[in-house]
Amino acid sequence: MVEEIRSRTIEKLGAQEWEKAVLTHQVHGHLGIYSLLGVKMGCLAVELLGADASHPSISVLSFAGNVPPLSCMNDGLQVS
């Protein structure tokens, strides 16, 4: 099923966002809307801030809390 959308998603969103979503799935245990939102937010922040992906140059303060489902954003943010 994932293979069916892989190429189309990479074409639309880019390989980096795809890879971050896959890694978030591995870390988080599943891939849901809140962890995907975290991935998208993190990727956008890296882009807007001009951060170097190979060197951790930004930190994130999240107010999503530690109760699911909102806390799931934290995993997406951490990975991306």
Between a residue in segment 55-80 that is over 9 Å from residue 34 (Cα atoms) and open to solvent by less than 90 Å² (accessible area, probe 1.4 Å) and any residue that is at pLDDT below 90 and assigned to a loop (DSSP other than H, G, I, E, B), which pairs come within a Cβ distance under 8 Å, given they are 6 or more apart or on different chains? 57/51; 58/51; 77/60
For segment 16-53 the number of residues that are more than 19 Å from residue 64 (Cβ to Cβ) and within 12 Å of the chain's Cα centre (by Cα) is 6
Restricted to segment 1-30 and to residues being more than 26 Å from residue 52 (Cβ to Cβ) and outside any helix (DSSP H, G or I), the residue most open to solvent (accessible area, probe 1.4 Å) is 1
Does segment 1-32 hold any residues that are among the β-branched types (Val, Ile, Thr) and within 17 Å of residue 78 (Cβ to Cβ), and which are they? 22, 24, 27
Pairs please, first residue from segment 37-48 and assigned to a helix (DSSP H, G or I), second anywhere and of a type in the set (Gly, Ala, Ser) and surrounded by fewer than 17 Cβ atoms within 10 Å (Cβ to Cβ), Cβ atoms under 7 Å, 6+ apart in sequence or on different chains. 46/53
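The values are calculated or read from the model by the stated rules, or taken from the named source; none is laboratory data. The model shown is predicted, which means the values in this text are computed figures rather than measured ones. Cβ sites come from the backbone with ideal geometry, for glycine too, and all protein chains shown count toward neighbours. Each accessible area value is taken on the protein alone, full model and side chains, heavy atoms only, with ligands, DNA and RNA left out. Shrake-Rupley method; radii C 1.70, N 1.55, O 1.52, S 1.80 Å.
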